[in-house]
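The values are calculated or read from the model by the stated rules, or taken from the named source; none is laboratory data. Everything numeric here is computed off the predicted structure, so don't read it as measured data. Cβ sites come from the backbone with ideal geometry, for glycine too, and all protein chains shown count toward neighbours.
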Amino acid sequence: MKQYFPLVIATGSQFCNRKKERDLLLMRIKNNTHTWISAPRRFGKSSLACQVFEDGKKLKSLNLHHERIDLNVCINEKEVEGQIVKACEKLIGAIAPKTGVLNAIKGIFSRFQPELVTGTDGVVKIRLKSLSDNYEDVRENIIEVLISLDEIATKRKAKAVVLFDEFQQLSILEEGVSIEAAIRHSMELSKSLTYLFSGSNRHILAAMFNQEDRPFFRQLIKMDLGRINDADYTAFINKAAKKRWKKALSKDTLKRIVILTERHPYYVNYLCNLLWQESSPPSIKKVESQWNDIIEQMTSWYQSSTQKLTKNQQAFLRALSVQPTNQPQSHEFGERSGIKVASISRTIDSLAHEDLIYKDEEGFIRVIDPGLKHYFSLYKR
Ligand SMILES: Nc1ncnc2c1ncn2[C@@H]1O[C@H](COP(=O)(O)OP(=O)(O)OP(=O)(O)O)[C@@H](O)[C@H]1O
Ligand SMILES: [Mg+2]
């Protein structure tokens, strides 16, 4: 069955709108403006980048090639190097000519031996065999491979993009800062290779990119990803309903989906993914019962992820889940939450830092995760 609402990265017909962000990011790629894509967890950062790659591919004159480097899987510096080298091999293979490729890149590398290997799929690929496997060489190897890729792309009039996803992973490695410095050094020298950064832990990334003593201090332009607007999301969901059942959903059903999920892409996809497995379009009742099932399924996760919060933080989230506030310092909110006015400001800062709350356009403080909000308002009494 066709996946209308994937739980993994969404692109193409699965991707809803974000036209402004897509155009802006594509422009930055063209201009070699290195960007940090920032948003709360599961808001669509990786999907946006992948969609922009698809958009860019359609512009033939751009000659765009891209790779995503997922650092989440790396538990040491050598593995980071391995991921970067792998991405560069693929990009060089895509950019350099199919025949005489070794000749075309001859003389560029001093720390790697380029060679052709036949993969298990029978396809011939470029491999960059490291001439030194020493730990001390990781930094220099990363610099050489990234700079060489840029040189090859420039020579071939191609545009290359690397997306460093889950970049915060570097911060837990012993020598992570020296890898950051290597990537930053290569980035500074790049002409045809654009660097994008993303990750699921915003406050660690903010520390990496905004602290004066870190290599990436003031090196990137930040792009904040908000929620997809109501009209666009509603139209998108309805289009998927027409494709699935040849029938539009009722206005009220659509509204219910949008209200319950609060247009949080992960929850929209989770809910709709289950609803779209049914043989007929959902009623409001079905939407609600499915939503309740999701909350129930996720309850143990909500429990474990909020266990580490202080009593004040939990009390604040509970009060906010029942009703958002634009006057957190008021007597009324103090009464409602049971938190002393003197502690409110600190509680807000700490919850914002953890990406658990946000301020909407009207100045109301709200819980970011609609499922967690539901859990707090229903179960956590
Ligand atoms: N524009 C979009 N249209 C439709 N679905 C989307 C869109 N963006 C994201 N999604 C869906 O939302 C969920 C989260 O997307 P994605 O993995 O891209 O988010 P993320 O911000 O990179 O998450 P993480 O914080 O875990 O890295 C996925 O199920 C994805 O399919
Ligand atoms: Mg992601």
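One line per residue, one yes/no per condition, for (1) at pLDDT 95 or above; (2) not assigned by TED's automatic domain parsing to the domain that holds Cys50:
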residue	(1), (2)
Ile147	yes, no
Ala153	yes, no
Val161	yes, no
Phe164	yes, no
Glu180	yes, no
Ser192	yes, no
Asn201	no, no
Phe209	yes, no
Ala240	yes, yes
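Just to verify a result, which residue in region 9-27, among those that are without any contact (Cβ under 8 Å) to a residue 60 or more places away in the chain and outside any helix (DSSP H, G or I), is farthest from ligand 1 (Cβ to nearest atom)?
Out of the qualifying residues, it is Thr11.
Quick grid of which residues meet (1) touching a His at 6+ places or on another chain (Cβ under 6 Å); (2) within 16 Å of ligand 2 (Cβ to nearest atom); (3) among the polar types (S, T, N, Q); (4) closer than 21 Å to Asn141 by Cβ:
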residue: Leu25; (1), (2), (3), (4): no, yes, no, no
residue: Pro40; (1), (2), (3), (4): no, yes, no, no
residue: Val80; (1), (2), (3), (4): no, no, no, yes
residue: Gln83; (1), (2), (3), (4): no, yes, yes, yes
residue: Lys86; (1), (2), (3), (4): no, no, no, yes
residue: Gly93; (1), (2), (3), (4): no, no, no, yes
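Filter region 114-132 down to the residues that are surrounded by 11 or more Cβ atoms within 10 Å (Cβ to Cβ), within 32 Å of the chain's Cα centre (by Cα) and over 16 Å from Thr99 (Cα atoms) and list them by number.
Hits for region 114-132 are Leu128, Lys129, Ser130.
Search region 32-78 for residues being touching a Leu at 6+ places or on another chain (Cβ under 7 Å) and in a loop (DSSP other than H, G, I, E, B), and hand back the single one that is nearest to ligand 1 (Cβ to nearest atom).
Selected residue: Gly44.
Can you tell which of Gly44, Gly12 is of a type in the set (Gly, Ala, Ser) and within 23 Å of Tyr195 (Cβ to Cβ)?
Checking each option against the conditions leaves just Gly44.
If you go through region 79-91 one residue at a time, do you hit one that is crowded, with 20+ Cβ neighbours inside 10 Å, assigned by TED's automatic domain parsing to the domain that holds Asp165 and not in a helix (DSSP H, G or I)?
no
Within the set of pairs 6+ apart or on separate chains, which have a first residue in region 120-140 that is closer than 16 Å to Ser110 by Cβ, a second that is in a strand (DSSP E or B), and C-beta atoms under 7 Å apart?
From region 120-140, the pairs are Leu128/Phe112; Leu128/Pro114; Lys129/Phe112; Lys129/Gln113; Lys129/Glu115; Ser130/Phe112; Leu131/Phe112; Leu131/Gln113.
Of all residues in region 188-207, how many are among the β-branched types (Val, Ile, Thr) and either within 16 Å of ligand 2 (Cβ to nearest atom) or under 12 Å from the mean Cα position of the chain (by Cα) (or both)?
Qualifying residue count for the region: 1.
Does any residue of region 60-69 turn out to be under 32 Å from the mean Cα position of the chain (by Cα) and exposed (fewer than 15 other Cβ atoms within 10 Å of the Cβ)?
Yes; the residues of region 60-69 include at least one that is under 32 Å from the mean Cα position of the chain (by Cα) and exposed (fewer than 15 other Cβ atoms within 10 Å of the Cβ).
In region 180-214, which residues are within 16 Å of ligand 1 (Cβ to nearest atom) and among the basic types (Lys, Arg)?
Within region 180-214, Arg202 is the sole residue that qualifies.
Identify, from the list Leu7, Leu24, the residue that is within 20 Å of Ala158 (Cα to Cα) and over 10 Å from the mean Cα position of the chain (by Cα).
Of the residues listed, the single one that is within 20 Å of Ala158 (Cα to Cα) and over 10 Å from the mean Cα position of the chain (by Cα) is Leu24.
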